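Comments concern the structure below.
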Amino acid sequence: LQETLYVTPPILLGLLLRYFQNDSDVTTQEAYLYAMGIGLCSFLVTFIHHPVCFVCTRLGMWLRISAGTLMYRKSLRLSSSSLAHMSVGNIINRMTNDVTRYDMFTQFIHVIWLAPLEMLIVMGILWSKLGPSILAGLALLLLLIPLQGVLAKLFSVLRRKTAKHSDARVSIMSEILTGVRIIKMYCWEKPFGKLVADVRQRESKRVYGANYCRAISTAPAFSAAKLVAFFTFLSFILDGRMLTTDLVFTTIALYNPVRVMMTLYWPWGIQQLSEGRVSTQRIQEFLLLDEKDQKEVVHDEDRPHPTNCKASAQNASANWDKESGAQLTLQNVSLDVGPGELMVVVGPVAAGKSSLLLALLGELPLTEGQVKVTGKVAYASQQPWIFPASIRQNILFGREFNQKRYDMAIHASALKRDLEIMEDGDSTLVGDRGVSLSGGQKARVSLARAIYFDADVYLLDDPLSAVDTSVGKHIMEKCICGVLKNKPCILITHQVQHLPKADKILILKDGQVMNQGTYEELTEQGIDFQTLVQPPEEEEAAVPDTLNHHKSHASLYRSHNTLDSQRLSPSHEQYVAPIQPEEDIQRGTLSFKLYLRYFYIGTGVFGILLCAFLNIAASLLYVMCDWWLAVGKQSEAVLEHRRLVAEQGPNSTLTDIPEVQNYHNLSILAAITGSCFLFGLFRSLDVFHILVSASKNIHNDMFASVIRSPTKFFDVNPPGRILNRFSKDIGLLDDLLPYSVNEFLVTFLQVIGIVLVACVVNPWVLIGVIPLGMIFILLRKFYLQTSRAVKRIEGVARSPALSHLSSTVHGLHTVRAYGVEAVFMEEFHRHQDVHSSAWFLFISTMRWFVFHLDTLCAAFITVVTLSSVAAAKSLDGGLVGMSVSSALTLMGTFQWAIRQSAEVENLMTSVERVSEYCELEPEAPLEIEGKKPAEAWPESGVVEAKNLSLRYDQETPFVLRDLTFTIRAQEKVGIVGRTGAGKSSLITVLFRMTEPEGLLNIDGLDIQGIGLHDLRSKISIIPQDPMLFTGTVRSNLDPFNQHGDDVLWQVLGEVELQSAVKDLTQGLDSLVSEGGVNFSVGQRQLVCLAR
């Protein structure tokens, strides 16, 4: 019905134009009826088209929500081997750029079959009027179809390659944000900046290619109707027939909807189909990844009797990658821990102790044997997973609040004194990855979570490693041997002084059980426990032979989210969960400076002027094509002459008008039409090039600004929030903004030309145009104020869902161990509902706006046609045909132009968000000219502090107060103190991660007076949380390529890692997975020491 209504007005226009002929047989009443019919069809199209579009848009939203939910549900089930090949950044990129393709896909999918159908209908009508002459125009249209097919295929290939580079870039950014402190301490801002720039450069090449394809694909939409009409008329004239005004403009008016459908919507539909297929394949690839075997969740009402709870393994062998053929991580391990038994697992670095716990949890796949855990499990990992909420929320972990049990957990984990010191107590927000807590505090919060969970079986992975001796003694006595004394408990530790308290001791080495028994039995066998735990570094899973296989649980505990919903907060009526600081939302109108600045970033002043010239020239040529047809009087004379010759036959003597005159007029029309096509093509290529260049440059500016921001910025802003800028916002600037800006410029200038032509031809049109224009201005102002705010809210509402996904993947083993997948699924639904609410509001307001715009267009068309009939005596039929046929194109063009203007403004909020991060306050300069220390500094390393104080924010209390001390040359100084005393904060001062108050000199030089790189490059650190980066062993040891292999092997030998690295397939060039998760924690620390 809609397509029928599209082709009816041109037919009515042909009948109306007969009224303006000198010998017309059309009455005034009939003319008014034709004019009213044109207006009525325009109104009916409006009332049919937009409800259909709204339903399609909403369907796209449903598909996106469904795909996002499927991906999150899948992420909760991913096996460790799958996580090894799918980084967090990769998943986030698929969740943002791939899933959102469905929003556009459904809007244009029906055009793929509607466009050819409409073309057949129009060609049938034109055949009845022009005969075989339409074949020339039809041939040109049909030539565009294979061209669009080729471009769509090329675009699909480029899109797939772009997605891979985008995945790599976002993965690198995710890793940078996780290890930003290490990067700053090691002065790696520049090499990582180069790494990101190289990946972005490769990505940009594909983005350029894809957008050039899009420019070539959409450019014919601008001038196709003119080209098709020209070849049709040329064929008609060469056939010796006479063109009339009504025939010319009926043909043009009929070609216009075909032009829009076949050269604009149809290629866009093909492109969206192509993109949708690529995105679906990428989502399918993710959904088909291997899953962890699902264990049955033990509910409180189904819990076994305490006497039946136990953990056991029988001849269990396991490997992170079954297909790799690598050495087994665990070999023939057998154990049995019953009610009230404490088994302590000891062994050297990379013995497989943490892997044993993961095998019991079902995270490490078995190759043979079996493991069995009866009852609910609580798991405290070696690297605690703390999400940014309050301490109480981290402990409760979604369970009901019980004051008695909560107090017991706080006391047993030795947290009571820490909470008393904190100003907000257990309501203190801990920040992303628990950055506001010390390492010992994070370990004890994780332990308190396990105690509060009231499980049947406890798996504790070295919770004593990060606490001091007195706190460790308290935890051992009050928690492990106290609160948990009646529970089956497996404890991994290096604290050999606690071994006599164990009921059983399991000694692991190289994944094998070396011995097992009681403390007395093993002592009688002459076993020296002290030698079993050397070197005394923290450790985790045994390192396999290949470095690209599994995602160990260590990095999975780096929280990237604000899990702050009431579902994860305690359900205690007197407790109000503190709220994480929300992302700032800009308000008000986007400044014109933002637009100019963005274009300037992409091309400069000359480029902006060239772009303006190409756009104006193309639009003028577009109008001139119709103008030449309407006012070419000489052409009409030539055509009339040819008609008389045809009537009188070959013996006619009417030869006084030369044939060349006709070809002269046709050649001028050909020149105008050809120039219109070329300028349209060059204009599109120029606009796309400028905007892709701007996106590329602003990304580089944003990265440079973010990497130079102080650490406080990363403490306040979760990585998901920052990644949202680098993934979704940059994706919009790469893909949608260039297209929207180009479409807006093309259609807006076209609309201006149509309105001016109508007003010049028939000044009476101004009577209707003025009030319609005022209504339009009010509508646009009202809509933009709303849509801009809604779009900003939608942009901000995306971040929590992404952060929640990132956090879940990083803490996946903990989430699954506690069986709280349903809680996290519900939390994701909540975040997605908030975003979907904002998105639905956005698409509803947009559809409301374009519906009213098309209503205004229908009113404008009615005014033009009725006023033309009213002023028929003073108007030329050709000019009337020109103005009415042009006005008919407004039906889709005007609302599309204004919609694209609104879309541009909405997309510019992404530019605004990215620009915000381009102007972050940087930390101190990396180097200060004139204040560079001597090359040999520091020669002796004397450290002097006087009245040294530190606080992380102006509104927070001091964590270091008036410290005065001196460390003399070559002294080895141990800094001791209770957890949370400020030991790590002193390291923060030395590296100036946060600027201190007071004086700190090294060899008499005030460290606050020199550049950060000059300072940090002279200090080496083994961080509390060791961090490795994606790359190779070589690049992690020597990122600047300053040393030869002999030096690297030497330092690896000194830290006792040489044999482990030599066993790897490619030695120093072996791959290191994201976060270094294919190394144990102890090995990561040794690599940091070697570095």
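Any read-out appearing in this document is the output of simple, stated calculations on the displayed coordinates, not a laboratory observation. Nothing here was measured: the structure is a model prediction, and the numbers come from that model. Backbone-built Cβ (ideal geometry, glycine too); neighbour counts: all protein chains shown.
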Query raised in the report: Averaged over all directions, how much area does the convex hull of the C-alpha atoms of the range 660-750 cover when projected, in nm²?
Result: 7.5 nm²
Query - Reciprocal mean inverse distance between Cα atoms of the range 723-834 - Kirkwood radius, Å - result: 18.6 Å
Query raised in the report: Cα atoms only, the chain: Rg and Dmax in Å?
Result: 36.4, 132
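Can you pull a Stokes-Einstein diffusion coefficient for the range 933-1009 at 4 °C (1.567 mPa s), Rh from Kirkwood over Cα pairs, as a whole number of µm²/s?
Numbers: Rh = 13.3 Å.
Estimated via Stokes-Einstein, D reaches 98 µm²/s.
Expressed as cubic angstrom per residue, what is the convex hull volume of the alpha carbon set of the range 137-275? All intermediate terms of the calculation are to be shown ahead of the outcome.
Values: hull volume 15.4 nm³, N = 139.
For the range 137-275, the hull spanned by Cα atoms encloses 111 Å³ per residue.
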Requested in this report: Please determine, in degrees from 0 to 90 and to the nearest 10, the orientation of helix 730-761 with respect to the longest principal axis defined by the Cα atoms of the chain, where the helix direction is its Cα long axis.
Outcome: 20 degrees
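Beta carbons within 10 angstrom, averaged per residue: use that to sort the peptides 802-810, 8-16, highest first.
802-810, 8-16
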Requested in this report: Any chance you could run the full-extension gain for Q497 through E939? It's 0.36 nm times the residue separation minus the Cα-Cα distance, nm to one decimal.
Outcome: 155.1 nm
Query raised in the report: Taking the mean number of other Cβ atoms within 10 Å as a proxy for protection, how do you rank 378-389, 982-993 from highest to lowest?
Result: 378-389, 982-993
Report summary line: Exposure proxy check on T69, T244: fewest-to-most Cβ neighbours within 10 Å is T69, T244
Report summary line: To the nearest 10 degrees, the tilt of helix 821-870 (Cα long axis) against the first principal axis of the alpha carbons of the chain is 10 degrees
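Would you mind getting me the FRET efficiency between I616 and K416? Use the beta-carbon distance for r and R0 = 60 Å, nearest 0.05. It would help to have the intermediate numbers written out before the result.
Numbers: r = 74 Å, r/R0 = 1.24.
Step by step, r from the Cβ atoms, then E = 0.20.
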Query raised in the report: Which residues' amide hydrogens lie under 5 Å from the amide hydrogen of L948, considering only partners 5 or more residues apart or on another chain, with H built in the peptide plane?
Result: D962, L963, T964, L999
Query raised in the report: Relative contact order for the chain: what is it in percent, counting Cα pairs under 8 Å that are at least 6 residues apart?
Result: 17 percent
Report summary line: What the 5 Å binned alpha carbon P(r) of the range 344-406 shows, as percent of pairs per bin from 0, is 3, 12, 18, 19, 17, 14, 11, 6, 1
Requested in this report: From the C-alpha gyration tensor of the range 681-731, pull out the three semi-axes of the equivalent ellipsoid (sqrt of 5λ each), sorted largest to smallest, in whole Å.
Outcome: 30, 11, 4
**Report entry** 222 nm mean residue ellipticity, helices alone, for the chain (DSSP H n ≥ 4; -39,500 (n - 2.57); rounded to 500)
**Finding:** -20000 deg cm²/dmol
Query raised in the report: Residue separation times 0.36 nm, minus the C-alpha to C-alpha distance between L40 and Q403: what's the value?
Result: 123.5 nm
Report summary line: Per the Kirkwood formula over distinct C-alpha pairs, the hydrodynamic radius of the range 1023-1091 in angstrom is 11.8 Å
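Here are some pairs, K442/K1018; K376/K487; K161/K696; K310/K487; which of them have Cα atoms lying more than 19 Å apart in this structure? Could you put the intermediate results ahead of the total?
Values: K442/K1018 30 Å; K376/K487 11 Å; K161/K696 17 Å; K310/K487 8 Å.
Pairs exceeding the cut-off: K442/K1018.
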Requested in this report: Mind pulling the angle between the C-alpha long axis of helix 28-75 and the longest principal axis of the chain? Nearest 10 degrees, somewhere in 0 to 90.
Outcome: 10 degrees
**Report entry** Computed over the range 943-1054, the ratio Rg/Rh where both radii use C-alpha atoms and Rh is Kirkwood
**Finding:** 1.02
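Determine the percent antiparallel among the DSSP beta bridges restricted to the chain, to the nearest 5. Numbers along the way, then the final one.
Numbers: 33 of 50 bridges.
About 65 percent, rounded to the nearest 5.
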**Report entry** Simple label model, 7 Å out from Cα along Cβ direction - S844 to R277, nm
**Finding:** 3.6 nm
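Given a cut-off of 22 Å, what percent of all Cα-Cα pairs of the range 802-925 lie beyond it?
Details: 5016 of 7626 pairs.
It works out to 66 percent of all Cα pairs.
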